[in-house]
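A short write-up of the structure that comes next.
The values are calculated or read from the model by the stated rules, or taken from the named source; none is laboratory data. Model, not experiment: these values are computed from the prediction. Because the Cβ atoms are built from the backbone with ideal geometry, glycine has one as well, and the counts that use them run over all protein chains shown. The accessibility values were calculated without ligands, DNA or RNA, using every heavy atom of the protein model including side chains. Shrake-Rupley method; radii C 1.70, N 1.55, O 1.52, S 1.80 Å.
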Amino acid sequence: MTLPKHIAIIMDGNGRWAQLKRKPRTFGHIKGTRVAKKIITACSRRGIKNLTLYAFSSENWFRPQAEVSFLMKILRRYLDRETENLVKENIRFSVIGDLSRVPADVYKAILQAGEATAQCTGLNLVFALSYGSRQEITLAVREIAERVAAGELSPDDIDEAMISTSLSTYPTPDPDLIVRTSGEQRLSNFLLWQAAYSEFYFTEVLWPNFTESHLEEALSAFSVRQRRYGKVSTNDNLEKLSN
Ligand code: FPP
């Protein structure tokens, strides 16, 4: 089976899952964190090289203060409790996003987890946290423009590779597969540039109900997709086109 080198997941539906159970939204986030743990381990054991999880978007700051604080608290708790396990499983942890907005204790936990796992060579686990793709692209453009203004670069030097390497995701390869749970079919400001040739897998399953067998289904669906990157792939296709 062809495995994606990089899976990116939009873990959606925690709130609706909790509402269906007549529980507060926070209950959904707690279950969602447990599911994230299981899926991280499953990806690591299957030999996936890169996994990006959309843990908190730049737009999520506009949620009610109590929910934002709760999400920050569970992120910190996740890092405090899991870092040792990440090291054991040889998983390297890092974050992309605007960390200037994150509370100091969460920021510290992120740095600690990053340092503790820096030498790990297995799964590259990235949390997109306080992340927005337009903001990421804007920062990259600004940085390149500053280099042009300083005379270090000419506008002609700017190419796709330079933009890719100026994004916060570098050097993680672009995602081969983007999964979104809960029936929504949109990117919501996630990896816009990097998703140019990604395969998408949408499932109705709410994130707290997502299991390893759902991951298996997504991987099987990916393995039979034909990725042509805008080209034609086989002689069959060429013949069809010429007829
Ligand atoms: C979307 O559900 C989920 C989030 C905004 C947060 C995702 C966070 C987690 C799964 C927990 C933290 C993860 C880790 C790994 C520590 P929603 O609240 O938008 O659900 P809804 O669309 O049903 O309202």
- Return a yes/no flag: does the stretch 42-64 have any residue that is at pLDDT 95 or above, open to solvent by 40 Å² or more (accessible area, probe 1.4 Å), assigned to a helix (DSSP H, G or I) and of a type in the set (Lys, Arg). yes
- Look at Ser69 and say whether it is touching a strand residue (DSSP E or B) at 6+ places or on another chain (Cβ under 9 Å), open to solvent by 40 Å² or more (accessible area, probe 1.4 Å) and outside any loop (DSSP other than H, G, I, E, B). no
- Query: Got a sec? Which of Glu89, Glu143 is closer than 24 Å to Ile30 by Cβ, free of Cβ contacts under 8 Å to residues at least 60 places away in the same chain and acidic (Asp, Glu)?
  - Reply: Glu89
- Note on the structure: Just one listed residue, out of Ile178, Ile158, is touching a residue at least 12 places away in the same chain (Cβ under 8 Å) and either over 22 Å from Leu123 (Cβ atoms) or over 17 Å from the mean Cα position of the chain (by Cα) (or both), and it is Ile158
- Of (1) open to solvent by 40 Å² or more (accessible area, probe 1.4 Å); (2) under 15 Å from the mean Cα position of the chain (by Cα); (3) of a type in the set (Phe, Trp, Tyr), Tyr131 satisfies all except one. Which? (1)
- Task: Quick one: Gly13 ticks every box in (1) at positive phi; (2) open to solvent by 40 Å² or more (accessible area, probe 1.4 Å); (3) not polar (S, T, N, Q) except a single one, so which number is it?
- Result: (2)
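Each row is one residue, and each column tells you yes or no for (1) near the ligand (Cβ under 9 Å from one of its atoms); (2) in contact (Cβ under 8 Å) with a residue 60 or more places away in the chain; (3) not hydrophobic (A, V, I, L, M, F, W, C).
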| site | (1), (2), (3) |
| --- | --- |
| Lys31 | yes, yes, yes |
| Ile40 | yes, yes, no |
| Cys43 | no, yes, no |
| Ile48 | no, yes, no |
| Leu53 | yes, yes, no |
| Ser57 | yes, yes, yes |
| Glu67 | yes, no, yes |
